[in-house]
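See structure below.
The values are calculated or read from the model by the stated rules, or taken from the named source; none is laboratory data. All values derive from a computational prediction rather than experimental measurement. Cβ sites come from the backbone with ideal geometry, for glycine too, and all protein chains shown count toward neighbours.
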Amino acid sequence: MRRKHLVIAVVLIAGMAAAWLTASLQPRAPSAPPPSPAAGLTTEDGRYLFSVTLHTPEEIAGLLTRAEELAKTRRPDSRHTGIALVLHGPEIEIFAKRNYARFRETVDRAARLNDGRIIEIKMCRTEMKRLGIGEEDIPDFIELVPYGPDEELRLRRNGYVYL
């Protein structure tokens, strides 16, 4: 009887250890950004960070419209671009050169906003690699960063606030 209890205990412990090991080896998604601030919140320099969790072309177009509206409230003496977009999801495909004909309007608009120092667009190399997109496949106006969530953290440390 004692041996039976020992075998059951060993099997239970082995099962728990296997479950813990399996869970610890699963890739973890980055933690969600903090909730968006109230609409009236601004930073001293008017620097904003869009947490891009939008993935459709229509959603990205809406985000660019929001950036244009925010740019109207920017102080004219500000040296900073003020609005950063960090792309680190499937929306990266919108900006791939192979998809330019399909998303020309959105890509050209993003380029104009970037050239006008209204926004700065950053793209995650890690996600690009996962999607099979090379650096040569991305327009030159987009800055490539090693890992999108880390770039968001760096921007927050430099005074950007989430919208």
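Quick notes on this one:
- Out of 70, 144, 155, one residue alone is in contact with a Lys or Arg (Cβ under 7 Å, 6 or more places away or on another chain) and either in a helix (DSSP H, G or I) or at pLDDT 90 or above (or both). It is 144.
- Selected residue [in a loop (DSSP other than H, G, I, E, B) and of a type in the set (D, E, K, R)] from 98, 117, 109: 117
- Checked against (1) under 19 Å from the mean Cα position of the chain (by Cα); (2) surrounded by fewer than 19 Cβ atoms within 10 Å (Cβ to Cβ), residue 110 passes all but a single condition, namely (2).
- In the range 97-125, the residues that are among the polar types (S, T, N, Q) and touching a strand residue (DSSP E or B) at 6+ places or on another chain (Cβ under 9 Å): 114
- In this structure, residue 160 does satisfy being crowded, with 18+ Cβ neighbours inside 10 Å and among the aromatic types (Phe, Trp, Tyr).
- Condition check for residue 123: touching a residue at least 24 places away in the same chain (Cβ under 8 Å), over 15 Å from residue 85 (Cα atoms), of a type outside the set (Lys, Arg) and surrounded by 16 or more Cβ atoms within 10 Å (Cβ to Cβ): no
- Any hit, the range 107-127, residues being of a type in the set (Asp, Glu), within 26 Å of residue 71 (Cβ to Cβ) and at pLDDT 95 or above: yes
- Single residue of the range 145-163 satisfying the filter (without any contact (Cβ under 8 Å) to a residue 40 or more places away in the chain and under 12 Å from the mean Cα position of the chain (by Cα)) that is nearest to residue 92 (Cα to Cα): 146
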